[in-house]
1. When you scan region B:461-479, do you find a residue that is closer than 23 Å to residue B:357 by Cα and either assigned by TED's automatic domain parsing to the domain that holds residue B:530 or outside any helix (DSSP H, G or I) (or both), even just one?
2. So which pairs qualify, if the first residue must be in region B:485-507 and closer than 13 Å to residue A:245 by Cα, the second must be acidic (Asp, Glu), the Cβ gap must be under 9 Å, and the two must be at least 6 apart or on different chains?
3. Given the conditions (1) within 24 Å of residue A:84 (Cα to Cα); (2) more than 24 Å from the chain's Cα centre (by Cα), and given that residue B:414 satisfies all but one, which numbered condition is not satisfied?
4. Residue by residue through region A:286-300, note down the ones that are farther than 10 Å from residue B:500 by Cα and either buried (at least 20 other Cβ atoms within 10 Å of the Cβ) or within 7 Å of another protein chain (Cβ to nearest Cβ) (or both).
5. So how many residues does region B:402-448 have that are farther than 21 Å from residue A:96 by Cβ and among the aromatic types (Phe, Trp, Tyr)?
6. Might you check whether a residue that is part of a loop (DSSP other than H, G, I, E, B) and in contact (Cβ under 8 Å) with a residue 60 or more places away in the chain occurs anywhere in region B:514-535?
7. The conditions are (1) more than 8 Å from every other protein chain (Cβ to nearest Cβ); (2) modelled with pLDDT of 95 or more, and residue B:505 fails exactly one of them. Which is it?
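The values are calculated or read from the model by the stated rules, or taken from the named source; none is laboratory data. The structure displayed is predicted, hence computed values, not measured ones. Reconstructed Cβ throughout: ideal geometry from the backbone, glycine too, with neighbour counts over all protein chains shown.
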Amino acid sequence: MIKLLIYIAIALTVVLLYQLMRIYQLSSEVKGKNIAIADEKDNRSQGRAALLFVFGFFIFLIWLIIRFKNDMLPVAASDVGKISDNLFMFNWVIIFIVFFVTTFMLFYFAFKYSKTAKNPTAYFYPHNDKLELIWTVVPSIALAVIIIYGLSLWGKLTGKPSDNALNIQLYAKQFDFTVRYSGTDNKLGTTNYKLIDDATNPLGMDSTDKNGWDDIVVHGELHMPVGREINIQCNARDVMHGMYFPHFRDQINCVPGMSTYLHFTPTITTDSMRLITHDTAYDYILICNRVCGSGHYNMFLKVVVDTKEEFEKWLAKKTPQFDAINKRNHGGAVAMK
Amino acid sequence: METHAHEATHTAEHTQHHHHHEHPSQSFVEKYVFSMDHKIISKQFLFTAMFMAFAAAIMSVLFRLQLAWPGQQSSVMHFFLGDRWAKGGILDPNMYLGLVTIHGTIMVFFLLTGGLSGTFANLLIPLQVGARDMASPMMNMLSYWFFLISSIVMLISLFIETGPASAGWTIYPPLSALPQAIPGSGAGMTLWLSSISLFVVSSLLGGLNYIVTIVNLRTIGMKMTRLPLTIWALLITAILGVLSFPVLFGAAILLIFDRSFGTSFYLSDIYIGGQALSQTGGSPILFEHLFWFLGHPEVYIVIMPAFGLMSEIISINARKPIFGYRAMIGSMLSIAFLAFIVWGHHMFVSGMNPFLGSVFVFTTLLIAIPSAVKAFNYITTLWKGSITFNPQLLFVVGAVSTFISGGLTGIILADSALDVAVHGTYFVVAHFHIVMGLSAVLAMFGGVYHWFPKMFGRLMNKKLAYWHFWLTFICAYGVFLPMHFLGLAGVPRRYYTNDAYAPWAKLQDINIIVTTFAIIGVLSQVIFFVNFFYSMSKGTKSSQNPWDANTLEWTTPIVPGHGNWEGDLPVVHRWAYDYSKPGKAHDFVPQTVPMEEGELDEGEHS
């Protein structure tokens, strides 16, 4: 019934609008007014509106910056993140200068050169090679700087991790992340998706690989020591997932069937970040950033950056996966699949 | 010799068409439904695209409601989605992804590719190059009918039990390949792939026709250097489409094989639903490469016709020649060339080789140079003009503004090292909606206002058009400017709610601002629809050349019949931009006016 009323209301509105248009048009025709093509009055009023707009636009942008500045991500908490923030700032300066100047020129010229009695004719100006050369060359130089600066950071982000980096695996599935620490040998054991068993071996670790015997599997939290490079091997079980660390300014996709890698050094512990943000509950987070299904929006992992000592203490409390299985099944012997 | 041959073809064509005119009686169905007249086909594309865009806009309001007031009961939601997808007025998370996916697909393919190119290439190519119709009217008709069937299939997918495709408009496998992963990857995805395959057929039929018409059917004197920039833009767009759409078709076919016939082009080592799948050896990255090999040229397929409309409308209304005609052509050609070697900038986080990433950074940032040239040339065209503020001029100035604003944030996303900090967040959503979506939509509105008199012989109401422009333009920035800030706070796109992470709660105001502007913006389109449909039959009658323009379409009868010109085809003597040329009686000199002695052909020199 309500739906029917809505449809009737819509139909009546359409008829009403149509009639209003008709009345407006007929009355204008009687007065001999042109209601389709811009006249001098329109040129003047719309030109002014354009100028008004550009100021309103700038004010809105500045208001947004002031209002939400403090709700953006806090200072970068990794080595590469710091360079990233500087690079961002460098690009922003160039972008804002170009933005304000060109946008203002666009709307100001529209206002200034509107066709009025004072400005009845346009200036025939089909081209100027020198001007065009200038605005080809100047952006080229600016971009060359941006490219070189950007690629130097890209090299750091994607270069080889150092030898003493802490190797861990992040394993993504619908809709959570699992962490695997490589244990005392700092080597991750191999895995095979055919060995996956949700109850005993969620990552499909291969028990014939000795490197994996000391690997520790952790659910629900990712702990990292501050100041030590982390080398993350990323894998996915079912569909693609995104591994996005907003606070460390880095991300990569987790892709089924292949491994991808990410490395950085956390530079600020969770406790220090809580002081920086004046928020005693502030936490780093790892977010899934590649749409992966209905639970995508709830796929995240709490990230904790500890001091070296805290981290070692925390990790020492955990048991390697195979150790746990052995204790349960065989009372000590290594489980062989 | 070449010119002689050219003229000979044209004479032959003239006689043939005179012959045609002797059989004018066409049934209603031949004339308006299965029409081979490019002008009718153009309107068919426009109406279909307007309907599709209307549907996609409603979808955007629904998911924006969810994002501003997550999980709240809404009778609007229930009205549109019913018990199946909005039980108790609360949006289902799967349907949220479905809406996002279909909104993107419709806007990119059906409005801004099919709708924009389909409408204006069909309307303007024969009229502006001086041809009686497209090279192959039959192919042209088929192009529309494939487009319509494709649209219908896409809309049907919204009404099936498991819901529409919901893996995002980029349909990355394995998510799009596995119904176990998301219900939308069942029948919904099958329909999506069928629809897009039909769309590719439509696009190829249209594109080949546009190219052949522009190359072969230009009237006498219409040298390439005298073509209006609209035609240059549509030519380059068609070439881009012909070269890139088949790759999407290939990608879709391989995905269909993976989904239905057990192949593993994109699938490898997958464990899902408690079961290890047998497929190994495929790579989802292959799909990304194939998809973006179309996907990136695609954004230029969207923006290039907009460039053409912008150039033409700015020049006419500033009463000045477009500044740097040849530079404009050159910049479009270089953008088109670069468009094919930048696709990897969508894949900086895919895990592809970092060196390859560096190459894509370089090529991508190169595109900024011809883009900057275009922006500066538009601004210089306004400088010292005598600007008539017809509604289309406002829309086009708006489009230049969004092209600048959105283009500049592209510098950040093109820089791989910065991209990894904001990839996949609302920063990206804001960027591409402004630079591609808004620029193209605003230019398309401008095009509709400008060529409405050619389509229907009547003019639209300017007062309503001004209201339509300012509301649309202000709301457009109101929606997408604040979104950058969500992105800079690390909020990912395609999230059903943003309450997973506590610090984002402070940003909820942004979502409310965005949704409010979105609702007002969508509602203001009612002004356009009323103006459009009213003026179609009752608007002020147009004169022969309402905007005092130079191009050939204004030399036809006010409502041209099939064949466009009565009598002989017009002969062209000059470029399309002799506005306010010193020493002329009027501030415009149509292309059909012969050159005076010693007069410079600006198209050859600018």
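1. Restricting attention to region B:461-479, the residues satisfying the condition of being closer than 23 Å to residue B:357 by Cα are none.
Within region B:461-479, none of the residues are closer than 23 Å to residue B:357 by Cα and either assigned by TED's automatic domain parsing to the domain that holds residue B:530 or outside any helix (DSSP H, G or I) (or both).
2. Between residues of region B:485-507 that are closer than 13 Å to residue A:245 by Cα and residues that are acidic (Asp, Glu), the close pairs are B:489/A:71; B:501/A:283.
3. Condition (2) is where residue B:414 drops out.
4. The first filter runs over region A:286-300 and keeps only residues farther than 10 Å from residue B:500 by Cα, leaving A:286, A:288-296.
Scanning region A:286-300 gives A:286, A:288, A:289, A:290, A:291, A:292, A:293, A:294, A:296.
5. Matching residues across region B:402-448 total 1.
6. Checked region B:514-535: no residue is part of a loop (DSSP other than H, G, I, E, B) and in contact (Cβ under 8 Å) with a residue 60 or more places away in the chain.
7. If we test residue B:505 against (1) more than 8 Å from every other protein chain (Cβ to nearest Cβ); (2) modelled with pLDDT of 95 or more, just (2) comes out false.
Residues checked against (1) under 26 Å from residue B:60 (Cα atoms); (2) more than 9 Å from chain A (Cβ to nearest Cβ); (3) out of contact with any helix residue (DSSP H, G or I) (no Cβ under 6 Å at 6 or more places or on another chain):
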{"residue": "B:378", "(1), (2), (3)": "no, no, no"}
{"residue": "B:389", "(1), (2), (3)": "no, no, no"}
{"residue": "B:394", "(1), (2), (3)": "yes, no, no"}
{"residue": "B:431", "(1), (2), (3)": "yes, yes, no"}
